[in-house]
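Notes follow the structure.
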Amino acid sequence: MANTMIISVLERRREIGLRRALGATRGLGSAFGAAGTVVMGGVTGWPFALPPVAIVTGVGATLVIGAVACTRRSTPPGPRPPRP
């Protein structure tokens, strides 16, 4: 889940940059990331063979891990090597 959220942020850097350029604050960007985490966590499969406590614990852990991964700041890529 954390890997998926990190890749999601890396793929959406342009969109996040555009929102920042249009006046969005860092908090608003984090809110969008958190909303994405909740959606990703809520869309995951519900295995009905497990006891309800296990399901609730699993979904809760997924949301917490996703929220922590969402707060990871994206870093710009390093310099590109010159083309031959």
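Quick notes on this one:
- Local net charge near Arg19, Cβ-Cβ under 13 Å (Lys/Arg +1, Asp/Glu -1): +4
- For segment 1-25, the residues whose amide N sits under 16 Å from a probe point set 7 Å from the Cα of Ile65 along the beta carbon direction are 1-8.
No value in this document is a laboratory result; all are computed from the given coordinates. Just so it is clear, the model here is predicted, and its values are computed rather than measured. So basically every Cβ, Gly included, is an ideal-geometry build from the backbone, and we count neighbours across all protein chains shown.
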